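I have placed the structure first, in the form of structure tokens, so that the comments after it can refer back to it.
Read-outs throughout are calculated quantities, based only on the coordinates presented, and are distinct from any laboratory measurement. Please read these numbers as outputs of a predicted model, since none were measured by experiment. So basically every Cβ, Gly included, is an ideal-geometry build from the backbone, and we count neighbours across all protein chains shown.
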């Protein structure tokens, strides 16, 4: 592509946070009608770079220009006015408002007594038709599917006349079919002149959708490749700096059932969270639960962790009915867990690494005597986790908030596996993690399975389910499908199951 086609240019961007160099002289260009993938492991500097682009951070040195004009630093509105839009992984939509109301919000003066809805509706219809993003403008956003909500987020940026679109992990909460449709839409948008950057950890999607790939490592641009001229293996090695191989699940015969649910309902907050769910989890096997975000995964995780009691049906643990569940009893019985949200439910940000390591077992004699915490034992436990699970970013006394997402996740996994649990509840264990961290966590989960641990894997990642699970069930609107063996699963079939299409006779 010629220089005349460059629509966005970042030149020599450097950003430091104390001694940490988050971005180190980063230079990259985006061309008109191009799909550019930005890759890098956790902590590589991708988020910092995007925050500089949008004015949330000010670079220590370097400059950003859009369509040939310098972009003022530290001014988010300047980026929007220059034609740059951002679609975040977590949608910023008001569920009680209509599609049209969400899209026009913030585009009209507060001094106007009435908004010009007819003009807004016409503009939205024209954009939706041009880019193939059809959605009912009068539909309540809370009633839309996840894929439809993402369409609304994209339309929000296009309504503000975005000519450059940045998407952060755009398929993180989509089914396989929705992801395929989204990337088809993005390619069509690029063909009509829109320029796009997307951040993703899913290398097969990068290769299928991108024109060009830029790789960051340690805050620097270390490689640039045409997507058609590279491979998953090469990209993974460029991201991590070494060859990365995903571990392989070996066939093995499972043991007895250690947890069983029979026709279980869960009602919480006046709403039915789970309906008539049944499953059986055996020692030495991984049961995968796959589903689109918001279909009851959190409620299922709470049920099997002792946080929520069943309101109907029967839950059994090691052959005994659970009558008074509590997290403490479940931990004492040998259940370890990786919660779905590591920041909100897995760690206390201001506490140290060692305090977080012993958090769930602080009352055990190993870590406290007569109400007094055994700090030495806690630090030794944390140090063992750091060494075994390659937790980087500090020692036992480091505040856990200073660790990257991948290292925090390895610590949370390690505090359970270091105690050799009989059951491991792993909810979204690798969400948002780079290829190296994913491979490390998968290896530990498979090792626990080989050692006889029963693993309940709750994940939205089809590749993860196919790599780790022995059997799989889909969760849709709080209901579980019958299970199928992993040998009978495929991305397409799992995608259909996640959409609620399954046959009751398949078990």
How high is the relative contact order of the stretch 206-316, in percent, with contacts defined as C-alpha pairs under 8 Å that are six or more residues apart? 22
What percent of all Cα-Cα pairs in the stretch 3-240 falls into each 10 Å bin, going from 0 up to the bin containing the maximum distance? 7, 31, 36, 20, 6, 0
What does the convex hull of the Cα atoms come to per residue for the stretch 39-108, in Å³? 129
The stretch 260-391 - convex hull of alpha carbons, volume per residue in Å³: 154
Could you tell me what % of all Cα pairs in the stretch 223-313 have separations over 19 Å? 60
Expressed in nanometres to one decimal, the distance between label points 7 Å along Cα→Cβ at residue 192 and residue 117 is 2.5
Taking the reciprocal of mean 1/r across every pair of different Cα atoms in the stretch 174-223, the Kirkwood radius in Å is 12.2
Could you give the C-alpha radius of gyration of the stretch 416-459 expressed as a fraction of 2.2 N^0.38 Å, taking N as the number of residues it contains? 1.11
How far, in degrees from 0 to 90, does helix 375-389 lean away from the longest principal axis of the Cα atoms of the chain, to the nearest 10? 60
Sorted by Cβ neighbour density within 10 Å, fewest at the top, the residues 80, 103: 80, 103
Mind computing the radius of gyration and Dmax over the alpha-carbon atoms of the stretch 159-296? Å is fine for both. 21.0, 59
May I ask you to sort 164, 412 by Cβ crowding, counting other Cβ atoms within 10 Å and putting the fewest first? 164, 412
Restricting to Cα pairs below 8 Å that are 6+ residues apart, what does the relative contact order work out to for the chain? Please round to a whole percent. 15
Separation in nanometres of the label points that stand 7 Å from Cα toward Cβ, at residue 251 and residue 181: 3.7
Order by neighbour count: 352, 326, fewest other Cβ atoms within 10 Å first, most last. 326, 352
Which FRET efficiency value, to the nearest 0.05, is calculated for residue 262 and residue 397 with the Förster distance at 51 angstrom and r the Cβ-Cβ distance? 0.65
In degrees rounded to 10, the 0-90 angle between helix 117-131 Cα long axis and the longest Cα principal axis of the chain is 80
For the stretch 3-240, what is the percent of antiparallel DSSP beta bridges, rounded to the nearest 5? 55
Running Debye on the stretch 119-196 with equal point scatterers at the Cα sites and no solvent, what base-10 log of I(q)/I(0) appears at q = 0.22 Å⁻¹? -1.12
Can you tell me, using C-alpha contacts under 8 Å and at least 6 residues apart, the relative contact order of the stretch 303-354 as a whole percent? 30
So residue 351 and residue 318, fully extended at 0.36 nm per residue minus their Cα-Cα distance, gain in nm 8.5 nm
Compute the distance in nm between two label points, each set 7 Å from the Cα along the Cα-to-Cβ direction, one at residue 125 and one at residue 25. 5.5
Gain in span if fully extended, residue 293 to residue 418, counting 0.36 nm per residue against the direct Cα distance: 42.1 nm
From the convex hull of the Cα coordinates of the stretch 257-498, what is the mean projected area in square nanometres? 12.7
Relative counts (whole %) of C-alpha pair distances in the chain, using bins that are 10 Å wide: 4, 17, 26, 26, 18, 8, 1, 0
Can you classify the stretch 422-486 as rounded, prolate or oblate using the Cα gyration tensor, where a ≥ b ≥ c are the square roots of its eigenvalues, rounded means a/c under 1.5, and otherwise it's prolate if a/b beats b/c and oblate if not? oblate
Counting only Cα atoms, I'd like the Rg/Rh figure for the stretch 1-87, Kirkwood definition for Rh. 0.95
Any chance you could give the angle, 0 to 90 degrees and rounded to 10, that helix 146-159 forms with the longest Cα principal axis of the chain? 20
